[in-house]
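Below is one structure, written out as structure tokens, with a few remarks after it.
Every number in this text was worked out from the coordinates using simple rules, so none of it is lab data. For clarity, every value in this text was computed on a predicted model and none was experimentally measured. Using ideal geometry, Cβ is built from the backbone for each residue, glycine included, and neighbour counts are taken over all protein chains shown.
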Amino acid sequence: MASRRVAVIGGDGIGPEVVAEARKVVRAAGVELEEVDYDLGGAAYLRTGEVLPDRVLEELRGFDAILLGAVGAPDVPPGVIERGLLLRLRFELDLYVNLRPFHSERLNCYVVRENTEGTYAGEGGFLRKGTPHEIATQGSVNTRMGVERCVRFAFELAQSRQRRHLTLVHKTNVLTFAGDLWQRTFDEVAGEFPDVETAYNHVDAACIYFVESPERYDVIVTDNLFGDILTDLGGAVAGGIGLAASANLNPSRTGPSLFEPVHGSAPDIVGTGKANPLAAIRSAAMMLDFLGEADAAARVEKAVSEAASLTGTTTELGDAVAERV
């Protein structure tokens, strides 16, 4: 097999620490990757004034995958890195599926989150900003194309699983325009998958069910904002945000997909050895599976499960997984 090229963005805070452990485990799994490091994130922005230079974006398009640790620095205003780096990569590379797995004693499901539209598309603005009569609008962009390709991915995923069950999560009783588009699209695509059982939950009800009866879920599909909130809750229910992995996928493979732990840069624990690397390692396992290394990915996942109950420093936990791969 030709060498797979992976761009590595350690980022800020604990990002480089957890990415180092993920790389260690990938090597222990016997997978050789051509890795190229990129200095992007809050610290790089404070130093250079640039978030994601156009030339770097063009270079990233040529990779097979991107592995990201975490980005964000306290001295950077909110939104600069989030919109200028994370969201720009999602939009420019067409990473339209955010896939987050949750595996615990009671929860065994995937959340498929639409990743390039909704409220995160940036539609809106200010009127009379800074005055007593200020107005701020923030719209939600939902296209038939964007919704349908996400819903179709979710149905295909559900069809590949043993339970073959898919739940649409939205707020159709209040968001009657966007919700109507999602529900109609979901119902129409469902006709092509008669072997997949379907259900619908309002997002507030889904938050309750995630806590009280998470075993009801197999695959969930939802919009960008609801998916962002629901998956953080899922991480807490499944054992903590330090275990929560994610993949930002371009299923058509017209560019690289991006793999990252869900947690933030946690600047308060940098260098203390307290950062949990398991989410980054599980994200790397998702990357291996995407790159065609299914056996290695399965071995890494199994090793993470065996090491999840252990305690130790960041490096010690990484070593424990690497030894078990």
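Of note:
- Given [x] 50, 49, 40; [y] 54, 50, 39; [z] 68, 45, 25, the label whose value is Cα extents along the principal axes in Å derived from this model: [y]
- Ranked by the mean number of other Cβ atoms within 10 Å of their residues, highest first, the peptides 230-239, 117-126 fall in the order 230-239, 117-126.
- Taking 0.36 nm per residue of separation and subtracting the current Cα-Cα distance, fully stretching the chain between residue 136 and residue 75 would add 19.5 nm.
- Expected 222 nm ellipticity per residue - DSSP helices of 4 or more, -39500 (n - 2.57), all of the chain, to 500: -11500 deg cm²/dmol
- Here is the list for segment 23-114: GluC sites (Glu not before Pro) lying in DSSP coil, each with at most 11 other C-beta atoms within 10 angstrom of its C-beta, are 32, 105.
- Set of segment 29-47 residues, backbone N closer than 15 Å to the point 7 Å along the Cα-Cβ line of residue 82: 42
- Sparse-neighbour loop sites [trypsin sites (Lys or Arg not before Pro); segment 248-325; at most 13 other C-beta within 10 Å; DSSP]: 253
- Extension gain (nm, one decimal) between residue 159 and residue 50, 0.36 nm per residue minus Cα-Cα: 34.9 nm
- Reach of residue 302 by Cα under 19 Å, taken over lysines that are not fewer than 8 positions away in the same chain: 24
- Packing rank of 314-322, 159-167, where each peptide gets the mean count of other beta carbons within 10 Å, highest leading: 314-322, 159-167
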